[in-house]
Amino acid sequence: MKRVAVVMGGTSHEAEISLLSGAAVANALREAGYAVTEARLTKDSVDEVPREVDAVFIALHGGYGEGGGIQRDLDALGIPYTGPGARTSALCMDKIATKAVLKEAGIPTPQGLVLTAEAAAQPCPLPLPAVVKPPRDGSSVGLSKVVAAHQWAEAVRLACAQDAQGEALAEVYIPGREWAVGVVHGEALPVLEIQAPGGWYDFRAKYAAGVSRHVFPEPNELTDQVQRLAEDAYTATGCRGAVRVDFRVTAEGRPYVLELNTVPGCTATSLLPEAAARAGIPFPQLCAELIEHARHD
């Protein structure tokens, strides 16, 4: 029987969600026959991760868990873990760096600008509506949709205050549909559409049960194209394991990649497990497949 530690909690703004993901993964792995230890971190360190395990399942969202920190520390210990390595994790956590890689690979992404707090005193340089977000955080924390000029300054200040480097990423808002595609070992899962209140997928819409509806569009040329783009983004950024690629798709059928999530949520309202189930992969089987492919660099 393989011994597995499921790492969860941590110090990021996503710690509470991480605990929910971790508990769900731990239960699924036990159901799949693994000996599981739940490692609930209280600091950005592997000190609380047991050493007597064969692999670590990373359910640690944001910060240390998603930005390459725990991956580097587990690499140093020679302990295999789920998901991408340290370099790719750090890349995908940085939305600015990710956009550069996507553009280089010819993958469409919204027009954007990198700003500092000084930009709050200037007019918005993009056509409205625009989206302003911290470039190195997750779960839509610090995210604003600017629909009127007077909202610009506060949106920039909020995003910059949330970002570790004091920057904000402003992007042209892409009207249309919110789609997400899970990619597991390089193969795209079914496209899932999120129907959020007012079309705005914020923190509450992501995690409060019953706020958003999840539907699966009928497969067609557009869903095929989006799945291919998700696989291309996965490859271009050097991902492995399970990743979720988020899209906006216009009414004319033009898809844009927003970001890649290298530690996708595994809560009761999370997208990746739902898409896997749609593909005929039960959650315990998905978790088992990921842990069986665990590795270190």
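Judged by the mean number of other Cβ atoms found within 10 Å, the most tightly packed of the peptides 5-18, 247-260 leads the ranking 5-18, 247-260. The Cα atoms of the range 240-285 cover 37, 20, 20 Å along the three principal axes, with the biggest extent listed first. Between ALA188, ALA130, ALA230, the GNM of the chain built on Cα springs shorter than 10 angstrom shows ALA130 fluctuating the most. Here LYS2 and LEU128 are evaluated by their C-beta separation; at R0 = 45 Å the FRET efficiency comes out at 0.30. Computed with a 1.4 Å probe over protein heavy atoms only, the accessible surface of the chain comes to 42 Å² per residue.
Compared with the dominant principal axis of the Cα atoms in the chain, helix 283-292 is inclined by about 70°. Share of antiparallel DSSP beta bridges in the chain, in percent to the nearest 5? Rounded to the nearest five, the antiparallel share is 75 percent. Leaving ligands, DNA and RNA out of it, report the carbon-plus-sulfur percent of the accessible area of the chain at a 1.4 Å probe. Here carbon and sulfur together make up 51 percent of the probe-accessible area. Charging the Cβ of each Asp and Glu at -1 and of each Lys and Arg at +1, and nothing else, the dipole of the chain about its Cα centre rounds to 220 debye. Consider all pairwise Cα distances in the range 85-165 and report the whole-number % of them above 16 Å. Of the Cα pairs, 54 percent sit more than 16 Å apart.
Summarising the label geometry, the points placed 7 Å from Cα in the beta-carbon direction at ALA105 and ALA251 lie 3.1 nm from one another. Globularity index of the chain is 0.97 (Cα radius of gyration / 2.2 N^0.38 Å, N = number of residues).
Shape analysis of the range 144-297 yields a ratio of the Cα radius of gyration to the Kirkwood radius, Rg/Rh, of 0.98.
The values are calculated or read from the model by the stated rules, or taken from the named source; none is laboratory data. The shown structure was predicted, so the numbers you read here are calculated from the model rather than taken from an experiment. Cβ coordinates were reconstructed from backbone atoms using ideal geometry, including for glycine residues, and neighbour counts include every protein chain displayed. We work out accessible area using only protein heavy atoms, side chains counted, and drop any ligands, DNA or RNA first. Shrake-Rupley method; radii C 1.70, N 1.55, O 1.52, S 1.80 Å.
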